[in-house]
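Everything below concerns the one structure shown next.
The values are calculated or read from the model by the stated rules, or taken from the named source; none is laboratory data. Everything quoted here is computed from the prediction, not taken from an experiment. No Cβ is skipped: glycine too gets one built from the backbone with ideal geometry, and neighbour counts run over all protein chains shown. Heavy atoms of the whole protein, side chains included, go into the accessibility calculation; ligands, DNA and RNA do not. Shrake-Rupley method; radii C 1.70, N 1.55, O 1.52, S 1.80 Å.
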Amino acid sequence: MIHSDIIAQCNEMAAARMHADYDALGAHLDRRGIDIEQIKAKVATYGLAVPSWGVGTGGTRFARFPGTGEPRDIFDKLSDCGLIHQLTRATPSVSLHIPWDAQPAADLNSKAEEVGLVFDAMNSNTFQDQPEQTHSYKFGSLAHTDAATRQQAVDHNIACIELGQQIGSKALTIWVGDGSNFPGQTNFTRQFERYLDAAKQVYQALPDDWTLLTEHKMYEPAFYSTVVQDWGTSLLIAQQMGDKAKCLVDLGHHAPNVNIEMIVARLTQFGKLGGFHFNDSKYGDDDLDTGSIDPYRLFLVFNELVEAETNPDFNPMHMLDQSHNVTDPIESLMVSATEVQRAYAQALLVDRPKLAGYQEDNDALMATTMLKDGFRTDVEPILAMARLEAGGAIDPVATYRASGYRTKVASERPAVGGAGGGIV
């Protein structure tokens, strides 16, 4: 963590300009009939989870080039995640991936309390073989042709639930790489039936107050067919499971030009939107920093989410899921958390009664202009003021760099070799 004096010193240098910008934006919004204080209050209560695996350097399919001060274990990861929240005040929770992060619950709880975090959804891993495994997932896990392999995958997911109960988590996210790489390799129907049967066993182990999130992905590592390849299949699974099962939307898991905001609207309409993995994409599942490629799409997603906020039961989980290949992961996660907050604040600026009127009148030009008015508004002063009032940093990246945190942890954590590839 960073000493509070460093944060205070950096904030003091940036405060005058930030206050001036905030006052100017407040006057501008007031002319539009918008109370800047109300927008700031909503932004201040918004939070999303950071992934434990996100604070390590990612990689390509060919190589990984570790940075300095790589976290050695989950406890180093939690320290880095705690720092992100300390500066942004936007990431109060962390999502664990098992078995990567498996440790005694008491130790996890103690470290989380130390760094001011709570635990978000648990993530199971049946897309990789682990040293202690009896059966390989080379040809699938929950949908494998071998019953013993499927049971191994079921047991692993249940173990994730059991650990999650001990650390305060309330959800399990399941993503599988099951599918096929050649035509004729598998029977699509029987494979999906096997998946459903195994997933139902996991669902039956859920506590009453938990949610099962099913995550879809168009391709990889199964390049010909994927068992849970799109939101329609994810919805079918959730409907087959029951009320506690919902769909998770990863922004990078779609074909190019797919209308993700409409998927969000559809799943919301039928009560099956469970949460998000935020990132960005140019060609496929690139896991780029959130908002780095298409910030307008991110805004359009939040436009649908704000539209649904009037429903008191609507509370999807929000998490970042990125791979940082050439940047400091802490910096990328801080910037991405801010970009998600920015999209939320911009969506809050949309005059919804006017928008509804234009929609009813089929006035396409004015309707889309209403959205652009929100998106084009620079809401950075609102985000900065919310951070300042919550004890965070006006400029998180500048404060982080001024603190020398990366140099400090690099002196404590052994250098990591770069052999091997893989996105995470």
Hey, any hits in region 70-78 for a residue that's of a type in the set (D, E, K, R), in contact with a strand residue (DSSP E or B) (Cβ under 9 Å, 6 or more places away or on another chain) and part of a strand (DSSP E or B)? no
It is to be established whether one or more residues within region 314-323 are assigned to a helix (DSSP H, G or I), under 26 Å from L87 (Cβ atoms), in contact (Cβ under 8 Å) with a residue 60 or more places away in the chain and of a type in the set (A, V, I, L, M). no
So G116 clears everything in (1) touching a residue at least 40 places away in the same chain (Cβ under 8 Å); (2) under 27 Å from the mean Cα position of the chain (by Cα) except one condition, right? Which one? (1)
Hey, can you tell me all the residues within region 175-200 that are more than 20 Å from L212 (Cα to Cα) and either touching an Asp or Glu at 6+ places or on another chain (Cβ under 6 Å) or surrounded by fewer than 18 Cβ atoms within 10 Å (Cβ to Cβ) (or both)? N181, F182, P183, G184, Q185, N187, F188, T189, R190
Being surrounded by 23 or more Cβ atoms within 10 Å (Cβ to Cβ) and either among the charged types (D, E, K, R) or over 17 Å from E215 (Cα atoms) (or both), is that true of even one residue in region 303-316? yes
Under the condition of being open to solvent by 60 Å² or more (accessible area, probe 1.4 Å) and part of a loop (DSSP other than H, G, I, E, B), which residue from region 257-293 is farthest from V335 (Cα to Cα)? F270
Can you run down the residue pairs with Cβ atoms below 6 Å, 6 or more apart or on separate chains, where the first is in region 268-287 and touching a residue at least 24 places away in the same chain (Cβ under 8 Å) and the partner is among the β-branched types (V, I, T)? G274/T211; F276/V249; F278/T290; F278/V340; N279/T290; D280/T290; D280/I293
Counted residues, region 7-44 - those being closer than 30 Å to M317 by Cβ and open to solvent by 50 Å² or more (accessible area, probe 1.4 Å): 6
Among the residues of region 148-174, which ones are in a loop (DSSP other than H, G, I, E, B) and open to solvent by 40 Å² or more (accessible area, probe 1.4 Å)? G168, K170
Of all residues being touching a residue at least 12 places away in the same chain (Cβ under 8 Å) and not in a helix (DSSP H, G or I) in region 374-390, which is nearest to I39 (Cα to Cα)? Just the residue, please. V379
If you take the residues in region 81-125 that are surrounded by 21 or more Cβ atoms within 10 Å (Cβ to Cβ) and of a type in the set (S, T, Y), which one is nearest to D395 (Cα to Cα)? T88
Residues that are open to solvent by 10 Å² or more (accessible area, probe 1.4 Å), in contact with a helix residue (DSSP H, G or I) (Cβ under 8 Å, 6 or more places away or on another chain), farther than 22 Å from I158 by Cα and not in a helix (DSSP H, G or I), drawn from region 208-250: S225
Starting from region 247-263, take each residue that is under 16 Å from F278 (Cα atoms) and list its partners that are buried (at least 22 other Cβ atoms within 10 Å of the Cβ) and of a type in the set (G, A, S), counting only C-beta distances under 7 angstrom and pairs at least six apart or across chains. C247/S234; C247/A238; C247/G274; L248/G274; L248/G275
State which residue is nearest to V306 (Cα to Cα) when the search covers only region 45-80 and only residues that are in contact (Cβ under 8 Å) with a residue 60 or more places away in the chain, hydrophobic (A, V, I, L, M, F, W, C) and open to solvent by less than 40 Å² (accessible area, probe 1.4 Å). L48
Count of residues meeting criterion [modelled with pLDDT of 95 or more and crowded, with 21+ Cβ neighbours inside 10 Å] in region 323-337: 7
Just one of the numbered conditions (1) closer than 21 Å to V154 by Cβ; (2) among the polar types (S, T, N, Q); (3) in a loop (DSSP other than H, G, I, E, B) is not true of Q185; which one? (1)
